[in-house]
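Note sheet for the following structure.
The values are calculated or read from the model by the stated rules, or taken from the named source; none is laboratory data. Note that this is a predicted model, so its numbers are computed, not measured. Note: ideal-geometry Cβ built from the backbone for every residue, glycine included; neighbour counts use all protein chains shown. Only protein heavy atoms, including side chains, enter the accessible area calculation; ligands, DNA and RNA are left aside. Shrake-Rupley method; radii C 1.70, N 1.55, O 1.52, S 1.80 Å.
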Amino acid sequence: MRTLKNSKLLFEQAQKSIPGGVNSPVRAFKAVGGDPIFVKRAKGAYMYDEDDNRYIELINSWGPMILGHGNELIEKAVADALSNSLSFGAPTAKEIEMAELICEMVPSIEKVRMVNSGTEATMSAIRLARGYTGRDKVIKFEGCYHGHGDSFLIAAGSGAATMGTPNSPGVTKGTAKDTLTAPFNDFEAVEQLVAQNENEIAAIILEPVAGNMGCVMPKEGYLQSLRKLCDKHGIILIFDEVMTGFRLSKAGAQGVYNVQPDMTTLGKIIGGGMPVGAYGGKKEIMDYVSPQGPVYQAGTLSGNPIAMSAGIEMLKYLNENEEVYTQLEQSTKYLAKEIEKVNASLGYNYTINQIGSMISLFFTEEPVENFESAKNCDTARFGKYFQAMLDEGVYLPPAQFESWFISTALSTEDLEQIVEAHKKVLTSMS
Ligand code: PMP
């Protein structure tokens, strides 16, 4: 049996100086019960806690560590960059390399601006969409999460959903009234909102494959219909690919579904584990950003040389080794299939949504295609499952409304071990 003595002590100490003891809410394990585990280090497919327990990694920093921990190419690039100083606040050649790589890999992006997080990317993107169109309102989808910018904390997924605060205090009524929401995968609802707000909608923003209400794929033709609607009404279509970018393909979800947004927001993988985000898109829109255009957006540490070095190495690797995506898909499909087999043998028909290296096991037997259906899940049961999986040495994202993130570091034996753990845990819960 694991001991968690050091984690417990650290959590007690952390709560005295850090709100809730954590620097991002889901880390507190509120949705699954129990105390958070404090991490000491990670390598490859494994993470080790402060009591030296080992876990197979299915969270991977919520996505960035798609090649597993301690990738040698990335670490070497960071080490090389370190000797030239940590930050300049002046332009560098690395920023051009990064921008060119992104534009090459994601063809809908003609110009791109680097920021420091996914939140910054989405906040900046909608400011730009508003400035460019001269309109105020945006449409987002229930259960999609776009970071913690005020405009997005309306019916938000991820931690905001599991913490039961989908509409956060502190967001003014003025801001909230400019965010309209529709159910994911319901095209008619969006059409109606657009009709009711003719010439007032600046942007429609969505996760083209949602990951923040668990993994939820768009229905066939849904993204194409949104594209057409935006074209008809002069609305900027923003794909928030902070999670799916460079994960579902080297051109993200837009590469898989073959739909070109006007703008794309990026984060996670783009920094290789460093704090990085980016927003980009059509030239004429991006040229509206300061200093070329009137929409202001800036950052002291934006384009940071260490972060760029890590990100460039990550993207170069993915660009040059496209077979990574086949491998990731195979591993994830294997997990989906084997988990489903175990479930069936125990008489459960739980919904599993999987695409590429994103997968969610929902504790409901109903299909999950929007936030409403995701909420059918037995979250208490997920909490028990999560804790029992930890006991078996498997570290899942600590909430039902999240996707698991598969990395290339997982070996066949690791995958088998995850399935074995699932079997043992679900059997004990039957
Ligand atoms: N958009 C999406 C789709 C995300 O998944 C996230 C984070 N999980 C964000 C935006 C916010 O990114 P960050 O946490 O880096 O601010």
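Straight-distance candidates among the lysines for linking to K375, with alpha-carbon spacing under 22 Å and chain neighbours fewer than 8 residues away dropped: K30, K140, K219, K384. Output the pairs from K341/K424; K268/K423; K43/K268; K232/K283 with a Cα-Cα distance over 25 Å in this structure; if there are none, say none. Over 25 Å Cα-Cα: K268/K423. Restricting the calculation to Cα atoms, every distinct pair contributes to the Kirkwood radius of the chain, found to be 22.1 Å. Every helix of 4 or more DSSP H residues in the chain counts as -39500 (n - 2.57), and over all residues that averages to -12000 deg cm²/dmol at 222 nm. Quarter the surface of the alpha carbon convex hull of the stretch 178-220 and you get the mean projected area, 3.4 square nanometres. Anyone know which of Q224, Q292, Q327 comes out most mobile in the 10 Å Cα GNM of the chain? Ranking Q224, Q292, Q327 by mean-square fluctuation puts Q292 first. The packing ranking of peptides 371-384, 11-24, highest mean first, is 371-384, 11-24, where packing means the average number of other beta carbon atoms within 10 angstrom of each residue. Projecting the Cα atoms of P64, M47, S7 onto the charge dipole of the stretch 1-79 (Cβ charges, centred on the Cα centre) puts S7 farthest toward the positive pole. Under a 5 Å amide H cut-off, with hydrogens placed 1.01 Å from N, N212 pairs with Y145 among residues at least 5 apart or on other chains. Remark on the stretch 262-332: ratio of C-alpha radius of gyration to 2.2 N^0.38 Å is 1.36. Ligands, DNA and RNA left out, the 1.4 Å accessible surface of the chain is 50% carbon and sulfur atoms. Note on the stretch 193-342: with charges restricted to the Cβ of Lys and Arg (+1) and Asp and Glu (-1), its dipole about the Cα centre is near 140 debye.
The magnitude of the dipole of the chain, with charges of +1 and -1 set on the Cβ of Lys/Arg and Asp/Glu and taken from the Cα centre, is near 800 debye. Taking θ as phi - 60° and the Karplus parameters 6.51, -1.76 and 1.60, the scalar couplings of the stretch 210-220 work out to 6, x, 9, 10, x, 7, 10, 8, x, 5, 4 Hz in sequence order, x denoting glycine and proline. Rounded to the nearest 20 debye, the dipole size of the stretch 186-257 about its Cα centre is 340 debye, using +1 on the Cβ of Lys and Arg and -1 on the Cβ of Asp and Glu. Residues in the stretch 178-291 average 32 Å² of solvent-accessible surface per residue, probe 1.4 Å, ligands and nucleic acids excluded.
Near N353, the amide H atoms lying under 5 Å from its own belong to S360, F362; only residues 5 or more places off or on other chains count, and H is placed 1.01 Å from N.
Taking amide hydrogens as placed 1.01 Å from N in the peptide plane, the amide H of G277 sits under 5 Å from those of V115, N116, S117, each at least 5 positions away in sequence or on another chain.
Could I have the simple spin-label model distance between L9 and K43, label points 7 Å from Cα toward Cβ, reported in nm to one decimal? Computed distance between label sites L9 and K43 equals 2.4 nm. Global dimensions of the stretch 46-153 from alpha-carbon coordinates: Rg and Dmax equal 18.4, 55 Å. Taking the dipole about the Cα centre of the chain, with the C-beta of Lys and Arg at +1 and of Asp and Glu at -1, give me whichever of M429, T172, Y296 is farthest to the positive side. It is T172.
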